[in-house]
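Only one structure is covered here, and it is reproduced in the block below.
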Amino acid sequence: MLNSLITSKTRLRLLVKFFSNPKNQGHLRGLAEEFGESTNAIRKELNNLSDAGLLVKINDKNKIDYQANINHPLFSNLQDLIRKYLGFDKLLSTVLERMGNVTQVALVGDYARGLDSGEICVEICGEDLDGEYLLHLSERIKESIQRKVSFEIREEITDQEALILFEK
C-alpha cells in the first residue's frame, strides 16, 4: 500500500530504516552496501530527506551519519505510518490479545535495525505466557501482515539493538 504512495523504492527503504527505530543510523556507503544500490541513488534520497528536515546529519570524522530527526513535527506520524506498513500494530495487538501477562514485547534482528527482510523476530517477556498460542499466532499474523514472524519467550530482553514495542 505504501509502495504506491511512495514510488521511490530507495526512499521507502530509507524511511523504513530510520523511522521504524529512531536509534538507527547509517552513512552513505554503508547504506548503499546494505541496500545493494548505487551510492548516487542513496545520496539523492538522503539529500532530499535531509533537505526536508526528516533526517539529521551527524559528522563523524571523515563520514556523515544520518538519523531520523525526532524533533521534526511529522516524526511521530511518519513513525506510525512506517510501523503500520510493516505490520507492527497488528502484531502487537494480536500478541497482547490472549498471550497472558505480557510485560514486554521487542523486535530483534533485521527489523530492529530497520531492514525489511521479510522475517520479523519477536521476543516476549512476562508471566504465565501461553506458548501454544504462539504456534498458532505465527501463521495468523503471517497472513495478516504478509511477513514471516518468529516468536521467542524470554525472561528479559538482552539485545542492545532491540526495538521495544510494548512495556508494562
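Taken over region 1-48, the ratio of Cα radius of gyration to 2.2 N^0.38 Å equals 1.09.
Which of the GluC sites (Glu not before Pro) across region 29-84 are loop residues per DSSP, with 14 or fewer other Cβ within 10 Å? Answer by residue number: there is no such site. Charge dipole of region 1-140 (Cα centre as origin; +1 on each Lys and Arg Cβ, -1 on each Asp and Glu Cβ, all else neutral): 840 debye, rounded to the nearest 20. If one computes P(r) from the Cα atoms of the chain, what percent of pairs lie at distances over 28 Å? Tail of P(r) above 28 Å: 26 percent of Cα pairs.
For region 48-86, trypsin sites (Lys or Arg not before Pro) meeting the loop criterion (DSSP other than H, G, I, E, B) and having at most 13 other Cβ atoms within 10 Å: Lys61. Straightening the chain between Asp159 and Asn59 buys 33.3 nm, computed as 0.36 nm per residue apart minus the Cα-Cα spacing. With 32 Å as the limit, the listed pairs Lys61/Lys148; Lys17/Lys61; Lys61/Lys84; Lys57/Lys168 have Lys61/Lys148; Lys61/Lys84; Lys57/Lys168 beyond it between alpha carbons. For region 1-94, the alpha carbon convex hull comes to 105 Å³ per residue, rounded to a whole number. What the Cα atoms of region 87-167 give is an Rg and a Dmax of 11.5, 32 Å. Each label point was placed 7 Å from the Cα along the Cα-to-Cβ direction; for Arg11 and His72 their separation is 1.1 nm. For region 150-156, the Karplus equation 6.51 cos²θ - 1.76 cosθ + 1.60, evaluated at θ = phi - 60°, returns couplings of 10, 10, 9, 8, 10, 7, 7 Hz by residue, with Gly and Pro reported as x. State, to one decimal in nm², a quarter of the convex hull surface area for the C-alpha atoms of region 35-80, i.e. the direction-averaged projected area. For region 35-80, the mean projected area of the Cα convex hull comes to 3.9 nm². Calculated mean residue ellipticity at 222 nm for the chain: -13000 deg cm²/dmol, from DSSP H runs with n ≥ 4 weighted as -39500 (n - 2.57), summed, divided by the residue count and rounded to 500. Converting phi to 3J(HN,Hα) with the Karplus coefficients 6.51, -1.76 and 1.60 and the offset θ = phi - 60°, region 57-70 yields 9, 10, 6, 9, 6, 9, 9, 10, 8, 10, 8, 4, 8, 5 Hz in sequence order, with x at every glycine or proline.
Karplus-derived 3J(HN,Hα) values for region 21-34, using 6.51 cos²θ - 1.76 cosθ + 1.60 with θ = phi - 60°, are 9, x, 6, 5, 10, x, 10, 3, 5, x, 5, 4, 5, 4 Hz; glycine and proline are entered as x. If both residues of a DSSP beta bridge must be in the chain, then about 75% of such bridges are antiparallel.
Bear in mind these aren't lab numbers, they're just calculated from the coordinates by the rules spelled out. Since the structure is predicted, the reported quantities are computational estimates derived from the model, not experimental observations. All Cβ positions, even for glycine, are placed from backbone atoms using ideal geometry, and neighbour counts span all protein chains on display.
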